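What follows draws every value from the coordinates through simple rules; no lab data is involved. In this text, all values refer to a predicted model and were calculated from it rather than measured experimentally. As a convention, Cβ positions derive from the backbone with ideal geometry for all residues, glycine included, and neighbour counts pool all protein chains shown.
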Amino acid sequence: MPALQATALSKVYGTGESAVAALDGVDVSFQAGRFHAIMGSSGSGKSTLLHCLAGLDKPTSGAVRIGDTDLGSLNDEKLTLLRRDHVGFVFQRFNLLPVLTAQENILLPLAIAGRKPDRAWFDQVVAAVGLTDRLGHRPSEMSGGQQQRVAVARALITRPWVIFADEPTGNLDSRSGDEVLGLLRDAVSQLGQTVVMVTHDMHAAARCDRVVFLRDGRYAAALDSPSPDQIVAMLEHADRIGR
Amino acid sequence: MLSLVLRTAKANLTRALLSSLSVVLGVAFVSGSLMFTDGLSSMLTAQAATQYDNVDVGLSMESISSDDDGGALIGRVRKVDGVRAAEPVWSMFNIGLSFDGGARKVLGDHKAVNVSADPGLQPIRAAEGRMPAAAGEIVLDKRTASREGIPIGATVQVSNFGSEAREYRLVGLTSSTKGGFDTQGALVVMATPDMAAMAGYPATTIVVSAADGVSPDDLAARLGAAVGIEARTHDQLVRSAMDSAVGNAEEFRNALLGFGVIAVCMAAFVIANTFTIVLAQRTRETALLRLIGSTRRQVFRSVLVEAAVIGFGGSVLGLGAGVLLALGLPAALASVGAPSGVTPVLSGGTVLIAMAVGVGVTMVSAMLPARRGTAVPPVAALGDASVQVARPAGRFRMISGGLVAAIGAGLLAIANQVGLVVGGALLAVTGFLLLSPAVVPALVRVVSKPFALLGGATVSLALANAVRNPRRIATTTNALVVGVTLIATVTLLAKSTEAPSERAADEKMFAHFLVTGSTDTTLIPDELATVLRDRPEVGTVYPSYQVYDDALNAEVLTAGRDAPAQGSALVSAGLGIAVGGTVTVQGQAFPVAGVRPGDRTVWLTADDIKKRFEYAFLTEVQVEPPPGVAEAEARATLDRVLNAFPSAVAYNKAEYVDRLNARMNQALAVVTALLSLAVIIALVGVANTLTLSVVERTRENAMLRAIGLTRRQLRLTLSAEALVMALTGTIIGTLLSIGIAISGLKSVAGDGDGLELTIPWDRLAVLLAIAALAALTASVIPARRAVRDSITANLAAE
């Protein structure tokens, strides 16, 4: 069973003549325990797809299932609780609360839920992201890479069904970016997590198990464990058939 | 550049509106006060003018020489050629008024006047019924009659302090009032013979109506020559009456404007804070302008123009709100004696002042933030300015703040006069304001501890947010601190001076009942004591007299409690006579039995005062019912006797304490209402800060929502933030006010009559509850804004 599935997903912004379809009937599914990438040129709808999959945005039509839960059947409150308990997020930037320390940021989803952290799991996650000696620091005292590692730890702390990453390396230098990708990769390979990442970086995508391509708001193609060259070729091909 | 400013203002309409709201309130108060007092002034001058209707010339003398019986003078005046009619007139106070056979007494400082039977010489007209035409008829002002429910045709009793009460029939009502500020007192209009009998002395004023074809100027000159007394024409009389009426209105206006100034200062706080925040958020925009070649001066000027636009908009709205306020003020102020029925007057001057205040205050308040906020290097446009590091408070500010606060506290500690207390209070508050960026966040952390324990992570987050910019939270709470300090100080002082009224009543009242005049200043007739003594069923009677001994240059009073024995005296320390010495009063030497604190006072028994002085004022009478008589019965007996004395009212101890407190409570309520505007403006500031924080934290909040914060929880964090700010501000303000109140009470303690600080916990609790509630309300709109937009849109926000 797929961890995540979108059926005939459409998202239209605006109404009447000014209406723009960001997603136009996308059918796609994501297997559990794998590292997925969503790629496409600017305006292909990849971010909108991620937002709809994660329950941050309501699709105009179509359905999204996380596990066996149909997001369309949830009201805002239930959707929020689902995100809180079963979904993890890593964003491009401004990922952390500046007023909280690294530890507090990591534990934030649990704190919001009013739950006690599992100490062993916390230690394991913190060790995995290499932040053991940085827990008392605030975001302003950390580098961009360190901040993003805190964000990854925060996404892992609830053992979510799926982690969504929106251009997680977009604001980082290549070394820090590699580290963060490595962490996500390890989360999948070693902890059995499911990760869905939007990226335009083919090197990032090349570390994934599967890459889904979008074009003009539609599903275009998918590649399993592609090399960077295959990705470039696919993007060019997608561009060509788009003209 | 101007069009850019206007566009910026338009784009930031919510922020502009919020910052202008404080301007609106401040301007509304100032312009409302002006409109009200202009209306008051015109009403009072109109009143002043109508009191001389039908009077062509007025004669008034300092006193009537004792050889003139009054009758002779009026006869001479009437004989002067050109006089159509002349009438002696009296204005009498210390009037007692009752009805229902004396059982129902009208409380208040009443005024009695008389009118001629000649309608051509009556300045007062009857609105219902008719004017008194003969002895035994009177007219009352309509307001009093309808308030007390006295119908035309009823029998009322009127007395003054020197005469027995007489019965009159109410024949009409007038819409004239006693005039001036006191709304409680009645106007009693009598026929001349009744007034002459009641007064018992000749009138010092004669009003004259001129014969046809004789001008007032002519007549005044003729009268002056004929009787040798200064005669003034109608116009002169009206002018001088108007002048004093305008003076009264001006005093009132200045008091109101004092509160207006406070409100405007609060608004200035809020505006300055708003501009600081807005400009901080616009750093990138400002830097961009600088990058493409605007000079810093241009950017600075554009901010000031923006302030002027906001100030102007606020002033226009404020003027509108001021009209509403002016319509509402009479009701609010009626209890401190403002006359009702004032029609607000909007003059061109008021409009100009409102505009000048609104625009001026906004621009001046924006000046400092504008100077700081535009000092942005162009390169900031290129960096990521979204995370701003809060600038720590400067060392100079901290040191000077500490010094000023210390001096202020020192002054408060040693103050022995009111001026020092005020100075100390101003310095202490200023010092606190300087220290606030350090003090307020620290206090917020303390205040928020219990909340954090109760509320969990969501609330902890709110509290962390609250103190993330120490300057901002300090400035936000400062406005509240000042407002609360004002209100709490007034409340504490009022309640502390009120508390002794119970003690005062205890000290004064040794008997069960106290009989005094119907107002604090009304004198009671001397014979009341005699009449009460003749009625043994009433109980034991203890009259208190007051008289001034010119020879001794001292006040002579009846000693109430701990009275000396007959024939001996107590003296105040200021007279310098020791126990065992003697004090000579009116030729009799009294051995001194004791010394009390005070300046120049001698206490004797009531009998000794009556014996030594031909005339002494009866100030009050205490009555102890006979043993074994129940309170209700004793009271009924006493009241039956008092029915013959309209101006005398009996109180038991609880009633007397109530009476002592009533006036204070009314005044306190009005002052609190006027000051609460300052607090409302401060709370607008809280809402303002929250809104701007929400805008600033758009992406943070979106991220929180993404990782699972529900809408309700997000609202809760903002409410908690507002609550903590409000509570901290209220607590600081209350602490400051306690310090000021202690010092103030100490400074007036003077002659050993120490006032202790009474903390009215109930009122302070109400103040705290109101601040908390208002803060929660203040967080509603920002919270709605925070949860309104979609998460994805906010995540992408700049």
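Counting Cβ atoms of other protein chains within 10 Å of each residue's Cβ and taking the mean over peptide A:138-150 gives 0. Taking every residue in A:50-59 and counting other chain Cβ atoms within 10 Å of its Cβ, the average works out to 3.
How crowded by other chains is A:97-103, given as the mean number of beta carbons from other chains within 10 Å of each beta carbon?
On the way: counts 9, 8, 12, 5, 1, 0, 0.
Mean partner shielding for this stretch: 5.
Each peptide in B:785-796, B:449-460 gets a packing score, the mean of other Cβ atoms within 10 Å over its residues, and the list from highest to lowest is B:785-796, B:449-460.
Taking amide H positions as placed in the peptide plane 1.01 Å from N, state which residues far from A:Gln31 in sequence (5 or more) or on other chains have amide H under 5 Å from it. For A:Gln31, whose amide H was placed from the backbone, the distant partners under 5 Å are A:Ala3.
The distance between label points at B:Arg104 and A:Glu17 comes to 7.8 nm (points 7 Å beyond Cα on the Cα→Cβ vector). Most simply put, chain B has about 75% antiparallel DSSP beta bridges, counting only bridges with both residues inside it.
I'd like to verify something in chain B: which complete DSSP H helices, judged by Cα projection on the helix axis, reach 18 Å or more and average at least 1.6 on the Kyte-Doolittle scale?
Counting only whole DSSP H runs, the qualifying helices are B:418-466, B:761-778.
Close amide H pairs (under 5 Å, H built 1.01 Å from N) link B:Asn160 with B:Gly96, residues at least 5 positions away or on another chain.
Cross-linked pairs B:Lys508/B:Lys610; A:Lys46/A:Lys116; B:Lys449/B:Lys746; A:Lys116/B:Lys449: Cα-Cα separations exceed 31 Å for A:Lys46/A:Lys116; B:Lys449/B:Lys746. Put simply, the amide H of B:Thr582, placed in the peptide plane, has neighbours under 5 Å in B:Val592, leaving out anything fewer than 5 places away on its chain.
Counting beta carbons within 10 Å around each of B:Val188, A:Val232 and listing the fewest first gives the order A:Val232, B:Val188. Going from the fewest other Cβ atoms within 10 Å to the most, the residues B:Phe252, B:Phe396 appear in the order B:Phe396, B:Phe252. Applying 1/(1 + (r/R0)^6) with R0 = 60 Å to the Cβ-Cβ distance of B:Glu230 and B:Ile781 gives a FRET efficiency near 0.35.
Across A:Thr194, A:Thr15, A:Thr132, mean-square fluctuation computed from a Gaussian network of chain A (C-alpha pairs under 10 Å connected) peaks at A:Thr15. When the Cα gyration tensor is reduced to axis lengths a ≥ b ≥ c, the ratio a/c is 1.5 or higher for segment B:126-279, and with a/b not above b/c it is classed as oblate. Decide, for segment B:526-644, between rounded, prolate and oblate: order the square roots of the alpha carbon gyration tensor eigenvalues as a ≥ b ≥ c, take rounded if a/c falls under 1.5, and otherwise choose prolate if a/b is larger than b/c, else oblate. Judged from the Cα gyration tensor, segment B:526-644 comes out prolate (a/c at least 1.5, a/b above b/c). Listed by chain and number, the lysines whose alpha-carbon sits under 29 Å from that of B:Lys142, ignoring those within fewer than 8 places in the same chain, are B:Lys105, B:Lys111, B:Lys178. Using the rule -39500 (n - 2.57) for each DSSP H run of four or more residues, divided by the residues of chain A, the 222 nm mean residue ellipticity is -11500 deg cm²/dmol.
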